[in-house]
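The values are calculated or read from the model by the stated rules, or taken from the named source; none is laboratory data. These figures come from a predicted structure and were not determined experimentally. No Cβ is skipped: glycine too gets one built from the backbone with ideal geometry, and neighbour counts run over all protein chains shown. With ligands, DNA and RNA removed, areas are computed over all heavy atoms of the protein, side chains included. Shrake-Rupley method; radii C 1.70, N 1.55, O 1.52, S 1.80 Å.
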Amino acid sequence: MDYKKVISSMTLEEKASLCSGRDFWHTKAVKSQKVPEIMVSDGPHGLRKQPKSPDHLGAFESIKAVCFPAACATAASFDRALLGKMGKAIGTECQSESVATILGPAVNIKRSPLCGRNFEYFSEDPLLTTELAGAFIKGVQSKNVGTSIKHFTANNQETRRLTVSVKVDERTMREIYLAAFEGAIKNAAPWTVMCSYNRINGLHASENKKYLTDILRDEWGFDGVVMSDWGAVNDRSKGLAAGLDLEMPGSYGVNDREIIEAVQNGTLSEKAVDKAVERILRWIDKYELKKQKDTKWDKDADHELAGKIEEESAILLKNSDGILPLDKNDTIAVIGRFAKAPRYQGGGSSHINSYKVTSFMDAAKGKGHDLIYADGYELDKDEIDRTLITKAVNAAKKSDVAVVFAGLPDSFESEGYDRNDMKLPENQNVLISEILKVQPNVVVVLHNGSAVEMPWESEVKGIFEMYLGGQNVGTAEYDLLFGKVNPCGRLPETFPKRLEDNPSYLNFPGYMDTVDYSEGVFVGYRYYDSRDMEVLFPFGHGLSYTTFKYSNLKVSKRKIKDTDTLTVSVDVSNIGRMAGKEVVQIYVAPPRNGIPRPVHELKAFEKVSLRAGETKTVTFELGSRAFSYWDKELQDWYVAGGDYVIEAGSSSRDIKYTKKVNIESTIKRVPVITENTCFGDLMGDPKVADILRPLVNSYLHIDKKEKTKASDAANDKMYQEILRFAPLRGVISLGDGEYDHEKLAKVITALQSKLTK
Ligand code: BGC
């Protein structure tokens, strides 16, 4: 299509109309130009195609499809290839169902465990998030179906999500909330980006030029369509000028008319409209040109794949006395409704109409096990049902081991609202503690989208975190519990001991329409580890039925420049008797040089598959970004010179080996010297020592000839400390009378020129 030509023959009305949806899921066709409409659908972990009665909260029927594990679970796989596979499967489903773009992945950071939508999000860590999201995008788009990475940006709660203003500083935005999008957008080039509902520092994300154009397009090179979240448009023409191309789902023509009027009265340039139209046309074309009319998808194959993905994602959090895998010959009490009707997905727009659900009990059926089932608790009710508990306790008594299927019921966790606390329903906690009174061998299998408190953690012997594991979660549970498959998931978020320990605790969800991200970059383990706090389970943690050993951590150089790439390698051996997968994690600890930075941050990871007895060398490349922080003054990433520690480990708290590397910064930073510059900021620089000395002497009343101080009340060390935070201008009022403003100005000029050279 010759886009320029098509646009020049479109009327303003046609152009404006293309900038909003025809209905919930379709763009508008432009008949005069033979431009067809295309369809989008949720997303992200399956296809929610609504042929009729559309809505954005999952209330009405959609086609029967396959519900894959949600991002909370797939993040735990730490496996890019796996996400790619899942993306391909969903891409094929979209092709067969004529869906041009799937609305996902959702990459918002898990700032608080309470966000009702955490189940749809990957992690508290931006690197893990962006890497996995990128792999998913590549997978979907390899089938010539677009993705819509969402919700751009700083959308980390459901409370007042359409109006809340996030107060967040620039460095935190860059290092945490934007970083979750950045890698995926730069490396995987999603066809579309969905802007979020909220405001950022007062301005709606849907009309925020800084994010929608300056950063997203100009800096990161994104060349696709930006669409609004459903109903996120606040001021249509301001949004369009800021870079919001498509309003979804549309506003029955109201905002199209606003665009036309704005162009006619000169407040919006027609060029801005043309740009949006061109991007939308290119997107439609991209899909239409390679549309595959006869693609078929295989529901059963995808159901099986959903189970396999969950097997690679579930996390074995605890396994004492080798309670797991379960012994096939044991009598096993299977307790909890989730064993028969698992919670495997969250509520809201991502809700899939699953064509089939396999529970643990389904998967175990006919396999010759001695299982005694008991309901244990009611769902969606906190009240304790003593009859159900008694039956469960009796089942546990008669068995060798009790496996409790617990977790958060649907109503506890959904799009649209946040959780009130981090607790499991009281009836489940009481059930577990009552079972523990009669049965020492207890395993808990959890189904939830984000961290929960576990008051019984020290007493139970085994814990599996399944997260929301998709419609075939039961097969994964069966295979993992009985050791047919070796667990290899790792926690993509810290489980704190209590909600009060979470860094956002005092500022979540904010007051009225403002939430202050005052914890800054100290999100998740960046906070817990910097404070050396005890946590329930650390970021990156996960056990296996085999044992891994690390050795031979190597770095390519001990001294590098900030422009170099550092190669890091480490050997990992499987010293157990079963094949397994280890997630090797590389953290970087920056120098302690006064800049507030987390004690360490994840900068690379790799999942490796090892046969029993096998050793592999895992290699990583760390570029400058791995060492840098966002510097507001430079408006760029900056690597401070100094010693950095490279840490290799299997969780943020289980660092096996470290190596120190010195980095020289090639960026020359010249501070601007004023009368308010502190002595301490200059004293470490030998270049200015001679110029500074007379000033110091005057300030400290040191007699030039005798070299004596005016008083003995303080020693040299104390003077040094006092000077650190004393501004140069102090010499005028507190010094020995040698300096006035004019004389000081000359010294400042001399200092500045010496530093600039
Ligand atoms: C959600 C989006 C979703 C859209 C369409 C909105 O409420 O925030 O994630 O894609 O609805 O269903």
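Going by the structure shown, is Val588 open to solvent by less than 60 Å² (accessible area, probe 1.4 Å), more than 30 Å from Thr153 (Cβ to Cβ) and either part of a helix (DSSP H, G or I) or outside the structural domain of Ala451 (by TED's automatic domain parsing) (or both)?
no
Considering the range 356-403 alone, what residues qualify as being closer than 22 Å to Gly470 by Cα and either part of a helix (DSSP H, G or I) or modelled with pLDDT under 95 (or both)?
Phe360, Met361, Asp362, Ala363, Ala364, Glu378, Leu379, Asp380
Is it fair to say Glu270 is among the acidic types (Asp, Glu) and either in the same structural domain as Gly376 (by TED's automatic domain parsing) or surrounded by 21 or more Cβ atoms within 10 Å (Cβ to Cβ) (or both)? Talk me through it step by step, then tell me what you get.
Working: among the acidic types (Asp, Glu): yes; either in the same structural domain as Gly376 (by TED's automatic domain parsing) or surrounded by 21 or more Cβ atoms within 10 Å (Cβ to Cβ) (or both): no.
Spelling it out, it is not the case that Glu270 is among the acidic types (Asp, Glu) and either in the same structural domain as Gly376 (by TED's automatic domain parsing) or surrounded by 21 or more Cβ atoms within 10 Å (Cβ to Cβ) (or both).
Got a number for residues in the range 552-582 being part of a strand (DSSP E or B), over 30 Å from Val485 (Cα atoms) and open to solvent by 30 Å² or more (accessible area, probe 1.4 Å)?
Going through the range 552-582, the residues part of a strand (DSSP E or B) turn out to be 552-555, 559-561, 566-574, 580-582.
Then drop every residue that is not over 30 Å from Val485 (Cα atoms), which leaves 554-555, 559-561, 566-568.
Adding the requirement that they be open to solvent by 30 Å² or more (accessible area, probe 1.4 Å) leaves 554, 559, 561, 567.
Total satisfying the criteria: 4.
Which residues, counting only those in the range 632-646, are under 16 Å from Arg592 (Cα atoms) and part of a strand (DSSP E or B)?
To start, the set of residues in the range 632-646 that are under 16 Å from Arg592 (Cα atoms) comprises 638-646.
Selection gives Tyr638, Gly642, Asp643, Tyr644, Val645, Ile646.
Quick check on the range 409-442: of everything there that is of a type in the set (Ser, Thr, Tyr) and open to solvent by 40 Å² or more (accessible area, probe 1.4 Å), which residue is farthest from Trp230 (Cα to Cα)?
The initial filter retains those residues of the range 409-442 that are of a type in the set (Ser, Thr, Tyr), namely 411, 414, 417, 433.
Okay, now just the ones that are also open to solvent by 40 Å² or more (accessible area, probe 1.4 Å), so 411, 417, 433.
Details: Ser411: 22, Tyr417: 16, Ser433: 44 Å.
Among residues in the range 409-442 that are of a type in the set (Ser, Thr, Tyr) and open to solvent by 40 Å² or more (accessible area, probe 1.4 Å), the one farthest from Trp230 (Cα to Cα) is Ser433.
For the condition small (Gly, Ala, Ser) and within 16 Å of the ligand (Cβ to nearest atom), what is the one hit in Gly416, Gly407?
Values: Gly407 fails: within 16 Å of the ligand (Cβ to nearest atom).
The match here is Gly416.
With the condition kept exactly as written, say whether any residue in the range 226-236 is open to solvent by 20 Å² or more (accessible area, probe 1.4 Å) and β-branched (Val, Ile, Thr).
In the first step, residues of the range 226-236 are kept if they are open to solvent by 20 Å² or more (accessible area, probe 1.4 Å); the result is 231, 233-235.
Then drop every residue that is not β-branched (Val, Ile, Thr), which leaves 233.
Yes: the range 226-236 contains one or more residues that are open to solvent by 20 Å² or more (accessible area, probe 1.4 Å) and β-branched (Val, Ile, Thr).
So is Ala76 open to solvent by less than 10 Å² (accessible area, probe 1.4 Å) and more than 14 Å from the ligand (Cβ to nearest atom) or not?
Answer is yes for this residue.
Please determine, by comparing only the residues of the range 153-181 that are of a type in the set (D, E, K, R) and open to solvent by 10 Å² or more (accessible area, probe 1.4 Å), which one is farthest from the chain's Cα centre (by Cα). Before the answer, list the steps.
From the range 153-181, those of a type in the set (D, E, K, R) are 158, 160-161, 167, 169-171, 174-175; that's our starting set.
Subsequent filtering for residues that are open to solvent by 10 Å² or more (accessible area, probe 1.4 Å) retains 160-161, 167, 169-171, 174-175.
Details: Arg160: 21, Arg161: 18, Lys167: 19, Asp169: 18, Glu170: 17, Arg171: 16, Arg174: 13, Glu175: 11 Å.
The residue in question is Arg160.
Can you tell me how many residues within the range 50-67 are within 16 Å of the ligand (Cβ to nearest atom) and touching a helix residue (DSSP H, G or I) at 6+ places or on another chain (Cβ under 9 Å)?
Of the range 50-67, the ones within 16 Å of the ligand (Cβ to nearest atom) are 50-63, 65, 67.
Now narrow it down to the ones that are touching a helix residue (DSSP H, G or I) at 6+ places or on another chain (Cβ under 9 Å): 65, 67.
Total satisfying the criteria: 2.
Which helices (runs of 4 or more DSSP H) does the range 199-304 wholly contain that include 1 or more residues that are touching a helix residue (DSSP H, G or I) at 6+ places or on another chain (Cβ under 9 Å) and within 23 Å of Asn156 (Cβ to Cβ)? Talk me through it step by step, then tell me what you get.
Values: elements: 236-242, 254-264, 270-289.
Those helices (runs of 4 or more DSSP H) span 236-242.
If you scan the range 90-116, which residues turn out to be in a helix (DSSP H, G or I) and surrounded by fewer than 24 Cβ atoms within 10 Å (Cβ to Cβ)?
Taking the range 90-116 as the starting set, the residues that turn out to be in a helix (DSSP H, G or I) are 90-96.
Correct list: Thr92, Gln95, Ser96.
With Ala262, Ala242 as the choices, which residue is open to solvent by less than 10 Å² (accessible area, probe 1.4 Å), away from the ligand (no atom under 16 Å from the Cβ), closer than 30 Å to Ser112 by Cα and over 20 Å from the mean Cα position of the chain (by Cα)?
Values: Ala262 fails: closer than 30 Å to Ser112 by Cα.
Checking each option against the conditions leaves just Ala242.
Check the range 298-306 and report whether any residue there is small (Gly, Ala, Ser) and within 31 Å of the chain's Cα centre (by Cα).
Yes, the range 298-306 has at least one match.
Could you check Asn187 against (1) open to solvent by 10 Å² or more (accessible area, probe 1.4 Å); (2) of a type outside the set (Asp, Glu); (3) away from the ligand (no atom under 14 Å from the Cβ); (4) under 29 Å from Glu413 (Cα atoms) and say which number it fails?
The failed condition is (4).
Quick check on my filter: what residues within the range 31-48 are buried (at least 22 other Cβ atoms within 10 Å of the Cβ) and either more than 13 Å from the ligand (Cβ to nearest atom) or assigned to a loop (DSSP other than H, G, I, E, B) (or both)? Lay out the reasoning, then the answer.
So in the range 31-48, the residues buried (at least 22 other Cβ atoms within 10 Å of the Cβ) come out as 35, 38, 40-48.
Passing the criteria: Val35, Ile38, Gly43, Pro44, His45, Gly46, Leu47.
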